[in-house]
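One structure is given here, and the rest of the page talks about it.
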Amino acid sequence: MKMSRRGFLASTGAALAVRTVPQVAGKAGGRRILTLVYDKALGMMRAVERVVP
């Protein structure tokens, strides 16, 4: 599946919106670290999120 830059930005934006909406309802414990990594299968950068206590 080839993904365009516009599609990648749209999907990343949707993922961020889904992630931030529950935080408004209740603050979860831990710290979130967002890292960009290069995914060879997709051929583009991908966001990876980790939760650190």
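Please treat every number below as a calculation from the coordinates, not as lab data. Everything numeric in this text was worked out from a predicted model, so none of it was measured.
Worth pointing out:
- Full-extension gain in nm, residue 8 to residue 44, via 0.36 nm per residue minus C-alpha separation: 12.1 nm
- Note on residue 52 and residue 35: the extension gain reaches 4.8 nm, defined as 0.36 nm multiplied by sequence separation minus the Cα-Cα distance.
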